[in-house]
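Below is one structure, written out as structure tokens; the observations come after it.
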Amino acid sequence: MLWIVGFGCPLHRVYDTLYNVDLSGDNQVVTVGRKFKPVRVKSNPGCHVTFTYSGDTVDVREVVVGHESTAVYVPPVPRKPAQVKIVAATDDTLLIFRGRVLRDNYWIVKVLELLGGFVLFMFGLNRGSTGIMRAVGGWTRALLTRLSRSPILAAFGGLIAALGFQSSTAVTVMVVSLTDLGFLTPASAMAMNAGAGVGTTFTVGILSLGFTYIAILMMALGYYLERFTQVYEHYGRALFGFGLAFFGIWQMGNVFSDMATIPYVVSFVHDISNNVLLMLLISAVFAALVHSSALTIGIALSMAFAGIITFTGALAVVLGANIGTAFTAVLASAQLSPVARRVALINLLGRTVLSLILLPTIPYATRLPVWVQDLSKNIALSHFYYNLLFAAIVVPLTYVEPLWRMQSPIRERVSRAIVYDDPEFLLVYMEKVISDALNVVMRMFQDLYEAIRTRSPALFERIAGMDDEIDRSEEIINAYVSRAMAHGLTGEKGRKVVALAQIMEEIENIGDIISKSIVRNVEKLYKEGIILTDEELNGIKKMHSEVMKTLANAMVVLTTWDVDKARELLSRAKEVKDLLDRMRKEFYTRINVDNVQSGEVYLDLLSDMERVNSNAAAIGGAILESLSDESKTTG
């Protein structure tokens, strides 16, 4: 509010000094159709005060100050959203009052916009991390086992892995899995977890730079690389993902910036921000739910860009996020060995204790000469300082051997003694795990036709749940591939390891197609009450039967590693693709208005089944390539 004092008829705000409350009507916020509270000013009795309202309309009124020394102006009822300015003036004094008119559904729209920005941010980070993981994931996993000989090297390996995966949560879960399999000692695992925490601060550091203006360019370039190049496909995926994450930050920042013009919103956020314990709890719970500290801190960055979060509140968010992200590994270790569970639990407890120790020091920490003027950059710096401190505490402790003497179960001791050191047993075990995984996807696919025919929610939920077994098998295979690379296997064994890794990837893709795409379409049939025609059901049954033949052939080839059978399996890709083309043409000849909706689902299901077939046939290609290389070498 602007106050210019003159002579004759000075104007003053109406202010309750006892309760420290402004009663003049400044900074009001209302929705369309709701009345503003009256605007009050104090002056000498008999003075004429001119009130000029400008917003969705213009209103000018002159009010005479009464004996109570107060002039009261009732603004018009707003009819549309607007920024409002009310000027109270006498001949020599001017007061300006601000207000805002919000649309009727303002809060619903803002919540949806905020959720939209968060989803873009979350999806972008996940897509970017997946791209980097596929580009450099293989050598990163191998690096973890190679650098596990000493805690310092293990911490460095965790840092490099986090830079590769751009997710400390992913690295921590993988470290716990490797510990369960006996590839890592508890001390090395803890050192890796500490190093991963430092490595993941790179993501938050990049986000804090606010490269919003190049987000669209990153997405465009990433899309081009992913779609139209093969060599840089995964790098394009990563570039597109991080560009989308920047765009999500920008979207959330816009929402928070708009809310920052509402006084009571700013006051509410500041009050919560100053309660550091509450901020820590909220942040920890949220990070545990979304399985990411970067997502949690990213929201704090958006609020920092909008200027509605305090420095102390932001530091509390960082402390809480580092607690919450460690909780995912605890959940992942629930079905693993006691040693793996202890490693995950120690990581969580260590971060919790450190955060609680640092929490009371926040008001003093903000005064240290280690910060810059930009709050968003300070958030990234605090994340880095925290994880660097955690690593500085944990890594030296890993050299104290009595602290890490944990009795390993028989399963782990056998794993270390046999699988860890014997390449022959390693290959046999890999084949067994992959064979079991292929058997799982065969059971998943076998039940699909019945799920489509009956539209049974219990059946397709059970099918989707079986994909978790595939994910666990993939983790085991990734760990053993890393160990095989550490053995330096070459020749026939080396080619077989490569082939098995490719086969596991094809099986994992099949599981994803079934559990995510096909089951989603089956759920659509159930939820929207769509009924497939008899012709469509027969078509699905026919395609289902052909794909089951391919999966059965894949199991035979995986068991025998026969060249002729592998060629026959590979040829199934073209056979079923031709079948899909014929079935599509047949459908278009009989399509009508009545079966448009069911036809859309029908074609989607056929396409997804053909994708399953293509991945299953590729198993033959992987084995054939391995055997062909062997014959060339022999010749």
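The values are calculated or read from the model by the stated rules, or taken from the named source; none is laboratory data. Here the structure is a predicted model, which means the values were calculated and not measured. FYI the Cβ positions are ideal-geometry reconstructions off the backbone, even for glycines, and counts take in every protein chain you see. Calculation scope for accessible area: heavy atoms of the full protein, side chains included, ligands and nucleic acids excluded. Shrake-Rupley method; radii C 1.70, N 1.55, O 1.52, S 1.80 Å.
Does the stretch 495-503 include one or more residues that are out of contact with any Phe, Trp or Tyr (no Cβ under 6 Å at 6 or more places or on another chain), under 17 Å from Asn613 (Cβ atoms) and crowded, with 20+ Cβ neighbours inside 10 Å? There is at least one residue in the stretch 495-503 that is out of contact with any Phe, Trp or Tyr (no Cβ under 6 Å at 6 or more places or on another chain), under 17 Å from Asn613 (Cβ atoms) and crowded, with 20+ Cβ neighbours inside 10 Å.
Only one of the numbered conditions (1) modelled with pLDDT of 80 or more; (2) in contact with a His (Cβ under 6 Å, 6 or more places away or on another chain) is violated by Arg134, and that is (1). Out of the strands (runs of 3 or more DSSP E) lying entirely within the stretch 35-91, which hold 3 or more residues that are among the hydrophobic types (A, V, I, L, M, F, W, C) and more than 22 Å from Pro263 (Cβ to Cβ)? In the stretch 35-91, 58-64 are the strands (runs of 3 or more DSSP E) which contain 3 or more residues that are among the hydrophobic types (A, V, I, L, M, F, W, C) and more than 22 Å from Pro263 (Cβ to Cβ). Quick check on the stretch 454-461. Is at least one of its residues within 17 Å of Met555 (Cβ to Cβ) and not aliphatic (A, V, I, L, M)? Within the stretch 454-461, none of the residues are within 17 Å of Met555 (Cβ to Cβ) and not aliphatic (A, V, I, L, M). Scanning the stretch 346-367 for residues that are farther than 19 Å from Asn274 by Cβ and open to solvent by 80 Å² or more (accessible area, probe 1.4 Å) yields a total of 3.
If I filter the stretch 109-121 down to residues being open to solvent by less than 70 Å² (accessible area, probe 1.4 Å) and not charged (D, E, K, R), which single residue comes out as modelled with the lowest pLDDT?
Among those residues, the one meeting the criterion is Phe121.
Per the listing Phe97, Phe51, the residue uniquely in contact with a Gly (Cβ under 7 Å, 6 or more places away or on another chain) and crowded, with 16+ Cβ neighbours inside 10 Å is Phe97. Pairs under 7 Å by beta carbon, first residue free of Cβ contacts under 8 Å to residues at least 60 places away in the same chain in the stretch 190-210, partner surrounded by fewer than 24 Cβ atoms within 10 Å (Cβ to Cβ) and in a helix (DSSP H, G or I), six or more apart or different chains? Cβ pairs passing all conditions: Gly199/Ile160; Gly199/Leu163; Phe202/Leu163.
In the stretch 254-269, how many are surrounded by 14 or more Cβ atoms within 10 Å (Cβ to Cβ) and not in a loop (DSSP other than H, G, I, E, B)?
10
For the stretch 73-93, check the following and say yes or no: at least one residue is open to solvent by 30 Å² or more (accessible area, probe 1.4 Å), touching a His at 6+ places or on another chain (Cβ under 9 Å), over 18 Å from Gly25 (Cα atoms) and in contact (Cβ under 8 Å) with a residue 60 or more places away in the chain. Yes, some residue in the stretch 73-93 is open to solvent by 30 Å² or more (accessible area, probe 1.4 Å), touching a His at 6+ places or on another chain (Cβ under 9 Å), over 18 Å from Gly25 (Cα atoms) and in contact (Cβ under 8 Å) with a residue 60 or more places away in the chain. Is it true that some residue in the stretch 419-439 is open to solvent by 40 Å² or more (accessible area, probe 1.4 Å), at pLDDT 85 or above and under 30 Å from Glu461 (Cβ atoms)? Within the stretch 419-439, one or more residues are open to solvent by 40 Å² or more (accessible area, probe 1.4 Å), at pLDDT 85 or above and under 30 Å from Glu461 (Cβ atoms).
A count restricted to the stretch 48-99 and to residues that are of a type in the set (S, T, N, Q) and within 53 Å of the chain's Cα centre (by Cα) stands at 4. Applying the condition of being surrounded by fewer than 19 Cβ atoms within 10 Å (Cβ to Cβ) and among the hydrophobic types (A, V, I, L, M, F, W, C) to the stretch 533-572 and asking which residue is farthest from Lys496 (Cα to Cα) yields Leu537. For Ala316, work out the one condition from (1) at pLDDT 85 or above; (2) closer than 26 Å to Val111 by Cβ; (3) surrounded by fewer than 19 Cβ atoms within 10 Å (Cβ to Cβ); (4) not hydroxyl-bearing (Ser, Thr, Tyr) it doesn't fulfil. Only one criterion is unmet by Ala316, namely (3).
Among the candidates Ser376, Ser355, the residue that is at pLDDT 90 or above and closer than 21 Å to Leu301 by Cβ is uniquely Ser355. Inspect all residues belonging to the stretch 101-112 and state whether any of them is among the basic types (Lys, Arg) and under 30 Å from Tyr73 (Cα atoms). There is at least one residue in the stretch 101-112 that is among the basic types (Lys, Arg) and under 30 Å from Tyr73 (Cα atoms). Only residues that are at pLDDT below 80, hydrophobic (A, V, I, L, M, F, W, C) and surrounded by 19 or more Cβ atoms within 10 Å (Cβ to Cβ) were counted across the stretch 219-250, and they come to 6. Tallying residues that are farther than 12 Å from Ala82 by Cβ and open to solvent by less than 60 Å² (accessible area, probe 1.4 Å) within the stretch 24-35 yields 5. Screening Val255 against (1) over 16 Å from Ser302 (Cβ atoms); (2) in contact with an Asp or Glu (Cβ under 6 Å, 6 or more places away or on another chain) leaves a single unmet condition, (1).
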